[in-house]
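Undergrad: Following this message is one structure expressed as structure tokens.
The values are calculated or read from the model by the stated rules, or taken from the named source; none is laboratory data. Remember, it's a predicted structure, so these values are computed and weren't measured experimentally. Heads up, the Cβs are rebuilt from the backbone with ideal geometry, glycines too, and the neighbour counts pull from every protein chain shown. Accessible surface is based on the protein model in full, side chains and every heavy atom, while ligands, DNA and RNA are left aside. Shrake-Rupley method; radii C 1.70, N 1.55, O 1.52, S 1.80 Å.
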Amino acid sequence: MKHLHKLLVLPLVLGLPLTASASSIIFPSTGGKASSMAGAWVAQGDDLSVMDHNPAEMVRFDRYGVEGHYTAYNYSASFDPDPIVGIGDPPAATNTGDFVNHIPNFYGLFPVSERWRIGAGLFTPVGPRHTYGDSGAQRYMVQQAQVQLAWITVSAAYKILDNLAASLSLDTAYVSAYQKIGLGLFPGFRSFDGSIIVEGGGIQIPRPKVGLLWDISPEWHLGFVGAPGMDLNIRGTISADVPQVGFDPETATDEVVASQRYPSEARLGLGWTPGNFRAEAGLRYYRWSEYKEQTINLTNNNIGGFEIADLSVKKDYRDTVAFQIGGGYRFLRDHEVRAGYAYDGQAPSNSSLTINDFDAPKHILALGYGYDISPKWQVNVAFNHSQMEERRVTDSAHEAIAVLGTPPAMGNGLYKWGVQTFSIQTGYWF
């Protein structure tokens, strides 16, 4: 039973949210307009979602405003595993979009003076969710997993000169994670009925974010935003319901404290707004090298009569760079069409890839349409498709999750993933 402690704490590791993955893969960009330009919204953005992309752009607004954004996303994923020595060729695992995840966003802006703007936003994605059967290639035997996030932004922007502005924001996140995992004694197979449930939540300390906006000319704009990496601590419980080995929910419960590192982020955009046209090209950089280790501390160190040790898990992620480009054209004065494309690199290395960490180079295509119902009221819609390149993994690291036998390499095989999002937003200006 020497690996039992690692099997019990592993679900919490899987349940922790990957913030940068969430923002760049599943949620390519927040806001209907920004989404329709594939996230190229750092230098010429003109709605309140700039609080997430570059809050210095708030100086463009001279009225009170409120906006509501809603995004629905649906995805399909598959993993075709390589054969396991001594076991054979497991069946492929799929996780299709038989449910829709919902992402509401809300923003408000207040012009304090001619040069000062303050605003606040709430970003609340529900997901990502995973649901698998009791058997299959995932081998972690994840049956259900869900992450919920509440991301609150408070921003202030100041116009230093007529063509130069700076901003400071504080981002605070609360996350809750739930995961149910089936327990097996042998690698890749359920050998008896039983499950482990992990539930937890945590708050990220406020993360500062700095933005700059330089209007080089009436038509050319340069934007920059940067934020440091921050720690997120999650407190939760692990409960085991495995009567065959004496674990039941009444006695097999422990408290857990886990921590992980959010990456540093920097974005740079060059915008062009001649007449009825708009365009922007930008780069986004995540410094993943700070995301190295998750530390799991079991506060009681006893579950179901077994002493279990604390655990540190290495997550060997790579720094990533994304290229984003988008454009729009306003016609008939009140109508605008937009389109965009982004290329986003992969973060997890082969050694870190698992069924819950689908990741490879991504191509993001976007389309959008906007209509000004009145000078005070606007509506925008957007469609976004993210296609991950097929990724074959042949040298993933072994994970010690088997109680008996030699644990297999958990990530070897062929990965595929595609995500579709639909966004609608409306704003009103007083």
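Undergrad: I want to check the label-to-label distance for GLU389 and VAL112. Put each point 7 Å from Cα in the C-beta direction and report it in nm to one decimal.
TA: Placing both labels 7 Å beyond Cα along the Cβ direction yields 4.6 nm.
Undergrad: A follow-up question, please. Each residue of the range 205-222 in turn: what ³J(HN,Hα) in whole Hz from Karplus with 6.51, -1.76, 1.60 and θ = phi - 60°, glycine and Pro shown as x?
TA: For the range 205-222, the Karplus curve yields 4, x, 9, x, 9, 10, x, 9, 9, 10, 7, 4, 8, x, 10, 10, 9, 10 Hz.
Undergrad: Quick one: net charge around LEU109, please, counting Lys, Arg +1 and Asp, Glu -1 for every other residue with C-beta under 9 Å from its C-beta. Could the numbers behind the result be given before it?
TA: On the way: positive: ARG63, ARG117; negative: GLU67.
Charge balance near LEU109 sits at +1.
Undergrad: Moving on to the next point. Between ARG63 and TYR371, what is the spin-label point distance in nm, taking each point 7 Å from the Cα along the Cα→C-beta axis?
TA: Reported label-point gap for ARG63 and TYR371 is 1.9 nm.
Undergrad: All other residues with a Cβ under 12 Å from the Cβ of ALA266 taken together, and with Lys, Arg as +1 and Asp, Glu as -1, what is their net charge?
TA: Details: positive: LYS209, ARG267, ARG284, ARG287; negative: GLU265, ASP319.
That works out to +2.
Undergrad: Where does each of TYR371, TYR415 land when they are ordered by accessible area, with a 1.4 Å probe and the largest first?
TA: Final ranking, largest accessible area leading: TYR371, TYR415.
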